[in-house]
Amino acid sequence: MPSIDVRGGQLSFEIFGDGNRETLILLHAAGCSGHQWRAIAGRLEHQFRIVIPNLRGYGGSSAWKSGDTPRLSMEADGVHDLVDALGRRAHLAGHGYGAAVALRAGLDAPQRYAGVTAIEPVSFHLLRKGLESDHNIFLTVAQLAIDMASLAMTGNTARGVERFVEYFGGPGTWAQISLEVRRRMCDRVFSIACNVCALAQDKAVLDDYADYQLPVHLVTGDRTVAPVRRVAERLRSYLPGARQDWLLNAGHMSATSTHAEAVAEMIASQPGAYLMPPPSREIAAA
């Protein structure tokens with residue numbers, strides 16, 4: 001797997017498709033790796049040059065350094081360096097944590113990118129200010145980062161990862177995951193904790209996104225958890241001209257697996273029959 005020097009160390013990546021086509025960079029979720037995108041890349045490589053990096057601490061990429069205060073802006077720096085090495089502007093698509101990184105990358109350096117598809121973005125730092133219910137969601141994520149680090153330090157790694165999985169997937173999600181996937185996620189507990197910390201520590205606020213310079217396509221599962229739904233709602237209200245589509249029968253963690261075909265079509269701006277109207281029910285406060 002090739003890698004390049006970026007700010008923060010080495011960043012590994014894979015490339016699929018014709019190099020003469022437009023470049024699409026796919027950013028994975030916390031706890032995953034670039035492998036998350038294989039099914040979707042296979043559906044898009046006839047349209048794009050697909051580049052799939054492993055974010056910090058995943059695959060062959062360098063981990064966060066001791067003493068770092070993880071922030072999305074630091075993660076985005078590696079994406080900027082990758083685009084510069086590729087030598088052309090790129091479309092960005094991300095899921096979960098990867099979507100939050102993509103949005104931040106587009107905020108910091110819009111000249112490098114053509115647009116952003118944000119699938120289930122978890123940009124909880126944008127809820128730090130404003131309504132009390134939003135601030136409470138932000139506090140739960142900050143506490144999750146603290147709890148994961150504390151549990152890992154006391155030898156309760158599995159419990160920390162279980163809390164992470166069930167926060168984003170809902171109660172009972174951990175029990176539905178295979179033992180092999182559980183083991184893999186436990187091996188990545190430090191990287192996951194750094195990802196959650198980056199979501200809580202980033203300094204951007206919603207007002208920064210009011211003058212966003214890129215087209216944004218928000219993709220939300222109609223069965224996602226309330227905190228993630230709230231992030232999408234707030235982004236939709238601030239991002240100028242953002243488009244939002246909904247995935248039928250999709251939760252946060254299933255968006256790029258069971259709905260790979262639909263997501264591939266949405267990234268290619270051909271959502272077709274997979275769209276549904278936004279749910280009318282109220283968003284529950286976390």
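Of the residues in the range 17-40, how many are over 24 Å from E166 (Cβ atoms) and in contact with a Gly (Cβ under 8 Å, 6 or more places away or on another chain)?
Adding up the residues that qualify gives 2.
For S257, state whether it is closer than 20 Å to R56 by Cα, touching a residue at least 24 places away in the same chain (Cβ under 8 Å) and hydroxyl-bearing (S, T, Y).
Answer is no for this residue.
Please find, within the range 166-195, the residue that is surrounded by the most Cβ atoms within 10 Å (Cβ to Cβ) out of those that are touching a residue at least 12 places away in the same chain (Cβ under 8 Å) and within 20 Å of F138 (Cβ to Cβ).
Applying the filter and picking the extreme gives N195.
Residue by residue through the range 81-110, note down the ones that are open to solvent by 10 Å² or more (accessible area, probe 1.4 Å) and either touching a residue at least 60 places away in the same chain (Cβ under 8 Å) or under 19 Å from R49 (Cβ atoms) (or both).
D81, D84, A85, L86, G87, R88, R89, H91, R104, L107, P110
Pick from A232, A255, A262, A198: which is of a type in the set (G, A, S), open to solvent by less than 70 Å² (accessible area, probe 1.4 Å), in a helix (DSSP H, G or I) and in contact with a Gly (Cβ under 9 Å, 6 or more places away or on another chain)?
A262
Residues D147, D134: which one is assigned to a helix (DSSP H, G or I), in contact with a Leu (Cβ under 6 Å, 6 or more places away or on another chain), open to solvent by less than 40 Å² (accessible area, probe 1.4 Å) and acidic (D, E)?
D134
Of the conditions (1) touching a Gly at 6+ places or on another chain (Cβ under 8 Å); (2) within 30 Å of A268 (Cβ to Cβ); (3) not hydrophobic (A, V, I, L, M, F, W, C), D147 fails just one. Which one is it?
Failing condition for D147: (2).
Would it be correct to say that E120 is of a type in the set (D, E, K, R), buried (at least 17 other Cβ atoms within 10 Å of the Cβ), over 21 Å from T69 (Cβ atoms) and touching a residue at least 60 places away in the same chain (Cβ under 8 Å)?
Yes.
Condition (residue is β-branched (V, I, T), touching a helix residue (DSSP H, G or I) at 6+ places or on another chain (Cβ under 8 Å) and farther than 29 Å from S269 by Cα) applied to the range 50-64: is it met by at least one residue?
No, the range 50-64 contains no residue that is β-branched (V, I, T), touching a helix residue (DSSP H, G or I) at 6+ places or on another chain (Cβ under 8 Å) and farther than 29 Å from S269 by Cα.
The values are calculated or read from the model by the stated rules, or taken from the named source; none is laboratory data. Predicted model only: the values in this text are computed from it and were never measured. Note: ideal-geometry Cβ built from the backbone for every residue, glycine included; neighbour counts use all protein chains shown. Just so you know, the surface numbers come from the protein's heavy atoms only, side chains and all, with ligands and any DNA or RNA stripped out. Shrake-Rupley method; radii C 1.70, N 1.55, O 1.52, S 1.80 Å.
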